[in-house]
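Please read the structure below before turning to the comments.
The values are calculated or read from the model by the stated rules, or taken from the named source; none is laboratory data. Just so you know, these numbers come straight off a predicted model, no measurement behind them. Here the Cβ positions follow ideal geometry from the backbone for every residue, glycine too, while neighbour counts run over all protein chains shown. Accessible surface areas use protein heavy atoms only, side chains included; no ligands, DNA or RNA. Shrake-Rupley method; radii C 1.70, N 1.55, O 1.52, S 1.80 Å.
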Amino acid sequence: QVQLVESGGGLVQAGGSLRLSCAASGSIFSINAMGWYRQAPGKQREMVAIITSVGSTNYADSVKGRFTMSRGTAKNTVSLQMNSLKPEDTAVYYCTALAGPGDYWGQGTQVTVSS
């Protein structure tokens, strides 16, 4: 089992920045990759960014050049730096751990970007 705890998020004006963090605990040795997904009201959950165990990253086209996902000094932590935020970035953001036994999800954190 892997437990994920997210922090960060909140309300920001368009053009502003926010930083999300996620800490994994439990069977972290089983994690192959970690990622951030988001779900806006009435929309499906979508991938935002993923980072593999070797540090390779992949981003959704809609956030490329604005969002940066990175690992913390502690191997079980990841962050998502979000710059130049747009109202369409408003969503609940979820941290996920992609592990051998299955995928694990955090509780989600709200990001609201006002115009």
- Expressed as a whole percentage, what fraction of the accessible surface of the chain belongs to carbon and sulfur atoms when a 1.4 Å probe is rolled over the protein heavy atoms? 50
- Could you order peptides 92-105, 66-79 by the average number of other Cβ atoms within 10 Å of their residues, highest first? 92-105, 66-79
- Item | Magnitude of the charge dipole, region 50-111, Cβ model with Lys/Arg +1 and Asp/Glu -1, debye to 20 | 220
- In nm, give the distance between the simple-model label positions of E46 and V5, each being 7 Å from the Cα along the Cα-to-Cβ direction. 3.1
- Item | Cross-link partners of K43 among lysines (Cα-Cα below 23 Å; sequence separation of 8 or more within a chain) | K64, K86
- Two-site FRET efficiency, A14 against A74, from Cβ-Cβ distance with R₀ of 35 Å, rounded to 0.05: 0.60
- Once the dipole of region 40-115 is set up with Lys and Arg at +1 and Asp and Glu at -1 on Cβ about the Cα centre, which of T73, T90, G42 lies farthest towards its positive end? T73
- Query: Residues of the chain: accessible area per residue at 1.4 Å, in Å²?
  - Reply: 51
- Task: Compute the distance in nm between two label points, each set 7 Å from the Cα along the Cα-to-Cβ direction, one at S27 and one at S62.
- Result: 3.3
- Message: Quick check on the chain: what are the equivalent-ellipsoid semi-axes from the Cα gyration tensor, as sqrt(5λ), descending, whole Å?
- Response: 23, 14, 12
